[in-house]
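Chemist: Sharing a structure with you now.
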Amino acid sequence: SQKIEQNSEALNIQEGKTATLTCNYTNYSPAYLQWYRQDPGRGPVFLLLIRENEKEKRKERLKVTFDTTLKQSLFHITASQPADSATYLCALEDVKAAGNKLTFGGGTRVLVKP
Amino acid sequence: EAQVTQNPRYLITVTGKKLTVTCSQNMNHEYMSWYRQDPGLGLRQIYYSMNVEVTDKGDVPEGYKVSRKEKRNFPLILESPSPNQTSLYFCASSWLAGDNYNEQFFGPGTRLTVL
């Protein structure tokens, strides 16, 4: 079965710097890679998606890369702000599975200090 | 406002006492799922439904039941809860968006404690 790994250690970063999070997966299958943000006491919220044939995707201060050779996605928050403090989850969407099954990683907590 | 609602938000119960957690969405989504979130294990899918009367097991279905009699509702039933079902539960709905990707819309979560 698919296994998704994210760094379980919290990432502490100074305001204005770039935060980089890693998401590694084990098994290849035609896939999309999704990233979600989760604030304490709330459900995850979809941020963006990158397809396996895309190398990079940007949305405002967010940038995601997807390397199917390394089986890895990197998630960057540029010019980070204290409001970016949250847990970020990656999820691999298997487009050939029933219902486009999503498998989630454990999440990485980001703390941006002013 | 487009949303997924869950009730109750918090529940403390005892072993063996049947309970139901309700989930409702107002976005007319075909797909609905239940997840549990545990420290170190991330979000794991319990059951999902691709449409009315169509449900299937996710990764951790043991001890849970679901039903989908109406498109908007997808209740999670614990017939005989046990302490290992203490967890944070999320309901989610989704549709295959324009490029056929499965964007999940999550509810606010239900924190369940089974004593």
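The values are calculated or read from the model by the stated rules, or taken from the named source; none is laboratory data. Quick caveat, the model's predicted, so the values are computed rather than measured. Here the Cβ positions follow ideal geometry from the backbone for every residue, glycine too, while neighbour counts run over all protein chains shown. Calculation scope for accessible area: heavy atoms of the full protein, side chains included, ligands and nucleic acids excluded. Shrake-Rupley method; radii C 1.70, N 1.55, O 1.52, S 1.80 Å.
Chemist: Of all residues in the stretch B:25-46, which are under 12 Å from B:Ser93 (Cα atoms) and within 14 Å of chain A (Cβ to nearest Cβ)?
Modeler: Here is the first cut: in the stretch B:25-46, the residues under 12 Å from B:Ser93 (Cα atoms) are B:25-35.
Across the stretch B:25-46, the qualifying residues are B:Gln25, B:Met27, B:His29, B:Glu30, B:Tyr31, B:Met32, B:Ser33, B:Trp34, B:Tyr35.
Chemist: Continuing with the same structure: Mind telling me which of the residues A:Phe66, A:Phe75 ends up being away from chain B (no Cβ under 12 Å), without any contact (Cβ under 8 Å) to a residue 40 or more places away in the chain, crowded, with 22+ Cβ neighbours inside 10 Å and assigned to a strand (DSSP E or B)?
Modeler: Going through A:Phe66, A:Phe75 in turn, the sole match is A:Phe66.
Chemist: Can you list the strands (runs of 3 or more DSSP E) found entirely within the stretch B:68-115 that contain at least 1 residues being in contact (Cβ under 8 Å) with a residue 24 or more places away in the chain and open to solvent by 40 Å² or more (accessible area, probe 1.4 Å)?
Modeler: B:87-96, B:102-106, B:110-114
Chemist: On the basis of being under 30 Å from B:Gln6 (Cβ atoms) and either among the aromatic types (Phe, Trp, Tyr) or in a helix (DSSP H, G or I) (or both), does A:Ala83 make the cut?
Modeler: On the way: under 30 Å from B:Gln6 (Cβ atoms): yes; either among the aromatic types (Phe, Trp, Tyr) or in a helix (DSSP H, G or I) (or both): yes.
So A:Ala83 fits the description; yes.
Chemist: Could you check, for the stretch B:20-35, whether at least one of its residues is on the phi < 0 side of the Ramachandran plot, among the polar types (S, T, N, Q), open to solvent by less than 80 Å² (accessible area, probe 1.4 Å) and more than 15 Å from the chain's Cα centre (by Cα)? Steps first, answer last, please.
Modeler: Keep residues of the stretch B:20-35 that are on the phi < 0 side of the Ramachandran plot, which gives B:20-27, B:29-35.
Checking the rest, the ones that are also among the polar types (S, T, N, Q) come to B:20, B:22, B:24-26, B:33.
Remaining after also requiring open to solvent by less than 80 Å² (accessible area, probe 1.4 Å): B:20, B:22, B:24-26, B:33.
Still in the running and more than 15 Å from the chain's Cα centre (by Cα): B:26.
Scanning the stretch B:20-35, I find at least one residue that is on the phi < 0 side of the Ramachandran plot, among the polar types (S, T, N, Q), open to solvent by less than 80 Å² (accessible area, probe 1.4 Å) and more than 15 Å from the chain's Cα centre (by Cα), so the answer is yes.
Chemist: Among what's in the stretch A:91-109 and is in a loop (DSSP other than H, G, I, E, B) and at pLDDT below 85, pick the residue that is most open to solvent (accessible area, probe 1.4 Å).
Modeler: Going through the stretch A:91-109, the residues in a loop (DSSP other than H, G, I, E, B) turn out to be A:95-101, A:105-107.
Among the residues that remain, those that are also at pLDDT below 85 are: A:95-101.
Numbers: A:Val95: 51, A:Lys96: 165, A:Ala97: 28, A:Ala98: 58, A:Gly99: 12, A:Asn100: 16, A:Lys101: 53 Å².
Checking each candidate, the answer is A:Lys96.
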